[in-house]
1. Return the only residue of Ala206, Ala197, Ala225 being more than 26 Å from Thr158 (Cβ to Cβ) and out of contact with any His (no Cβ under 8 Å at 6 or more places or on another chain).
2. Of the numbered conditions (1) assigned by the TED database to the domain that holds Gly60; (2) buried (at least 17 other Cβ atoms within 10 Å of the Cβ), Leu288 satisfies every one except a single condition; which is it?
3. Name every residue in the stretch 296-344 that is hydroxyl-bearing (Ser, Thr, Tyr) and under 16 Å from Glu387 (Cβ atoms), in order of residue number.
4. Just one of (1) surrounded by fewer than 14 Cβ atoms within 10 Å (Cβ to Cβ); (2) at pLDDT 85 or above; (3) of a type in the set (A, V, I, L, M, F, W, C) trips up Ala206, so point out which.
5. If you go through the stretch 329-384, how many residues are assigned to a loop (DSSP other than H, G, I, E, B) and over 19 Å from Ser272 (Cβ atoms)?
6. List pairs: first in the stretch 113-139 and over 24 Å from Glu232 (Cβ atoms), second among the small types (Gly, Ala, Ser) and in a helix (DSSP H, G or I), Cβ under 7 Å, 6+ apart or cross-chain?
7. Is it fair to say Leu402 is modelled with pLDDT under 85 and either aromatic (Phe, Trp, Tyr) or farther than 12 Å from Gly60 by Cβ (or both)?
8. Suppose we keep only residues that are among the charged types (D, E, K, R) and at pLDDT below 85 within the stretch 92-117. Which one would you say is farthest from Ser276 (Cα to Cα)?
Amino acid sequence: MANLFRNEVIENKKSQILGNVILTQPQNFTTITFYLTLITALIVLFLSFASLNRKEVVKGYLTPNLGLKKVYPHRGGIVDNIFISEGDFVEQGQKLFSIKSENIMSTQGSENLILELEKQIKDATKQKVILKNLNDLKKKELEESIKYLKKSFITLDTQINALKKRLKINKERRKKFLRLHEKNNISEELFNEQEEAYLSIIGDIAVNESHREKQLELLNLKNIALESLPIEFEKQLLNINKMISELTLRKEDISEKTSLDVLSPSAGKVTSIQVSSGEMVFSHIPSLSLIPKDSHLEAELLIPTRSYGFINKNQITRIRYEAFPYQRFGVAKGIISEVSKSVILPGELLVPIEIKEPVYKVKVKLEDQAVSLYGRKSELQAGMLLEADIILERRTLLEWLLEPIFSITGKF
């Protein structure tokens, strides 16, 4: 019986606990697989290309690239007159404002003394004009006198030469008369007339030559006087100028003690005027500031030491000015142009921002020197406070997710 059926048949007839495996596939499995694969690919692409920035928000202020020059009065006093306005451009040495002494009584007395000194200076200046006119007149008189003396010399020389010729003729005639007189050929009276004529010519020559000598002496004196006239004029003019200089110095000294003009130390644009007429000013407090000529504004940012390692030149920054709310006027752009190498501790730097931790100074070149304000340009001003966003690090979302693995790989 046992061998009646084959073993295969007996095994086939035994009862089976598990059923037969039927390989079947749902109809929507391919669709689901496709969409799951697509979603996974999109997520991977999003994580690979979408980036997340790590930024640092820092505070700063605007300042000219050539620095801001503060103007201090040489001494304290009361502001008398102000000659400039905010935004004016001034040249070096131009008057900005004037101050006067605090003591009113002293000021009034000094003003009277200044008026008296000004009168003396004016009189001395008139003396210079009078002295010059007198010098010119005296010079003209001397030149005319010298000219007249020279003409007199010509006349005297002509007369002396004529007398000498007559003397020569009379001398020959006298010899003849003398021979005739010795021979008694002429009368005593005629001989004496001849002698008188001869001696008269000699006398005339002597008188003219004496007169010529006196004229020559006078001419020499006139020439000496003419030559010394400029020297004497310069000497007197020097004395007057010295007196004017002394009076002027005295006046300036008194004026400086009672009134003082504050001058511009350099050419530039006036900003941050802190004084008004009638107010007290002090020598240790700046009265106004000057933006140097040919300068432009730049932003100075104070970077905490924790973020300094990620700061580099040419990084782009987004700037928000406190004076112009970014919600209405947007943000400005800038590029880091200079990064300081020295750390600044709290209290070391005088800036309009309170420093509570060690910082580094970073300079930012502004894209624009003005802000668009309802269709018009409003110029930025030195000293304006601001906030800036600096992108320290830019990573994709995938890099952020894999950062722990990168850290472990970097360590091990």
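The values are calculated or read from the model by the stated rules, or taken from the named source; none is laboratory data. Remember, it's a predicted structure, so these values are computed and weren't measured experimentally. Note: ideal-geometry Cβ built from the backbone for every residue, glycine included; neighbour counts use all protein chains shown.
1. Only one candidate passes the filter, namely Ala225.
2. For Leu288, the exception is condition (1).
3. Step one: list which residues in the stretch 296-344 are hydroxyl-bearing (Ser, Thr, Tyr), which gives 305, 307-308, 317, 321, 326, 337, 340, 342.
Of everything in the stretch 296-344, those that are hydroxyl-bearing (Ser, Thr, Tyr) and under 16 Å from Glu387 (Cβ atoms) turn out to be Ser307, Thr317, Tyr321, Tyr326.
4. Exception for Ala206: condition (2).
5. Residues in the stretch 329-384 being assigned to a loop (DSSP other than H, G, I, E, B) and over 19 Å from Ser272 (Cβ atoms): 15 in total.
6. Short answer, once both residue conditions are applied: Ile114/Ser255.
7. For Leu402, the condition - modelled with pLDDT under 85 and either aromatic (Phe, Trp, Tyr) or farther than 12 Å from Gly60 by Cβ (or both) - is met.
8. Glu116
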